[in-house]
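The values are calculated or read from the model by the stated rules, or taken from the named source; none is laboratory data. Remember, predicted model here, so these are calculated numbers, not experimental data. Glycine also receives a Cβ, built like all others from the backbone with ideal geometry; neighbour counts cover every protein chain displayed.
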Amino acid sequence: MSKIKCRRRECARIRSEFSLFLNRRRPPTYEGNPFCSDMCLKTHFQYELKDKWHRLQLGKRRAIPRPKLGTILMQTAFLTRDQLDQAVRLQAEVRQGRIGEWLLRLGYVEEHQVSAALARQFGLPLINLKHPQANTEALRLIPGKIARCSNLIPVGFDDSQTTLRVAVSAPVNFNSQEAIRRMVGKGIIAYIGDESAIEHLMEEWYEPEDLDLSTIPAFRSLDDLVGIGNDIINAAIRDRAQDVQAELTDEFFWVRLDFPSETHHHFFRYGAPAGRARPPVPGDEVTGAYAVRH
């Protein structure tokens with residue numbers, strides 16, 4: 001009879017498959033890792049949330065030096081210093097918008113020039129989105145709300161079908177891409193595309209409710225996050241989920257619960273006051289959550 005070692009670091013308990021079968025209360029795995037009891041799963045999940053939160057806050061303090069977009073455009077798009085200075089001045093006065101947006105509004109550059117400059121700034125290849133075909137399998141992997149939060153859209157797979165190709169616009173969010181890679185279990189290849197084209201494809205390929213962020217529950221502190229996490233993990237245990245997976249980024253908290261016949265996705269946004277989320281129930285209409293049948 002095979003043995004299962006609990007994933008929680010502080011637990012040295014080893015249980016047999018037979019004892020778990022007799023107990024009839026085998027906890028869900030977390031990212032495929034087994035636990036000896038519900039309490040060990042809850043403790044480990046809470047530890048993981050706190051660790052993700054602290055690593056995220058630490059990462060915010062690390063700035064990666066990149067060439068400035070305006071400088072690149074002066075080198076590649078015949079933008080003058082006076083034009084750039086005017087755009088910077090307007091941006092500072094209004095205190096919103098990106099410099100590329102201001103240059104477009106003023107008519108000093110074209111969108112494809114901004115996209116090319118972004119590709120050079122972030123070291124990513126360009127993609128032409130004029131006549132793409134929707135890939136149903138790729139779209140199924142990334143929910144519309146995550147696509148909207150991350151400023152990207154899935155456009156297909158590589159030849160081996162093991163890597164997901166996504167088109168992104170500014171600001172390029174590498175943290176979201178890494179979270180998506182872990183959640184879907186595939187590599188990510190990012191391409192820079194025109195922002196207007198990406199927006200058009202989102203509206204064409206996803207249903208309006210899939211892109212609506214206005215009803216997503218939100219959190220603004222570690223305590224909020226832990227409270228939401230506890231509610232979800234309790235629901236996962238209660239409803240006999242098979243596996244739990246969770247990702248935290250600057251923009252969202254994304255949890256996936258895998259059941260035998262369907263997968264439930266739950267989304268929470270960072271930055272606004274939040275009350276305790278109601279524990280999700282399979283088949284229920286829960287704000288910020290939906291189910292995908294296998």
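Just a few scattered comments:
To keep it simple, each residue is scored yes or no on (1) in contact with a helix residue (DSSP H, G or I) (Cβ under 9 Å, 6 or more places away or on another chain); (2) surrounded by fewer than 19 Cβ atoms within 10 Å (Cβ to Cβ).
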site: Glu178; (1), (2): no, yes
site: Glu199; (1), (2): no, yes
site: Leu211; (1), (2): yes, yes
site: Asp224; (1), (2): no, no
site: Asn230; (1), (2): yes, yes
site: Ile233; (1), (2): yes, no
site: Asp239; (1), (2): no, yes
site: Phe253; (1), (2): yes, no
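- Total residues in the stretch 157-195 satisfying the condition of being under 21 Å from Lys68 (Cβ atoms) and within 17 Å of the chain's Cα centre (by Cα): the figure is 8.
- Any hit, the stretch 275-294, residues being touching a Pro at 6+ places or on another chain (Cβ under 6 Å) and at pLDDT 95 or above: no
- Candidates Leu124, Leu90 - the one that is out of contact with any Pro (no Cβ under 9 Å at 6 or more places or on another chain) and outside any loop (DSSP other than H, G, I, E, B): Leu90
- Counting the residues of the stretch 218-249 that are farther than 28 Å from Ala134 by Cα and under 15 Å from the mean Cα position of the chain (by Cα) gives 1.
- Ala170 small (Gly, Ala, Ser) and either under 27 Å from His44 (Cα atoms) or surrounded by fewer than 21 Cβ atoms within 10 Å (Cβ to Cβ) (or both): yes
- Some residue of the stretch 127-134 being part of a loop (DSSP other than H, G, I, E, B), aliphatic (A, V, I, L, M) and touching a Phe, Trp or Tyr at 6+ places or on another chain (Cβ under 6 Å): yes
- Of all residues in the stretch 241-251, those that are out of contact with any Asp or Glu (no Cβ under 8 Å at 6 or more places or on another chain) and surrounded by fewer than 18 Cβ atoms within 10 Å (Cβ to Cβ) total 1.
- Within the stretch 158-196, the set of residues being of a type in the set (Gly, Ala, Ser), within 21 Å of Val114 (Cα to Cα) and either without any contact (Cβ under 8 Å) to a residue 60 or more places away in the chain or assigned to a loop (DSSP other than H, G, I, E, B) (or both) comprises Ala167, Ser169, Ala170, Gly193.
- Which numbered condition Ser221 fails, given (1) closer than 26 Å to Arg62 by Cα; (2) of a type in the set (Gly, Ala, Ser); (3) outside the structural domain of Asp250 (by TED's automatic domain parsing); (4) out of contact with any strand residue (DSSP E or B) (no Cβ under 9 Å at 6 or more places or on another chain): (3)
- Ile64 meets each of the listed conditions (1) free of Cβ contacts under 8 Å to residues at least 40 places away in the same chain; (2) farther than 27 Å from Ser196 by Cα; (3) in a loop (DSSP other than H, G, I, E, B) apart from (2).
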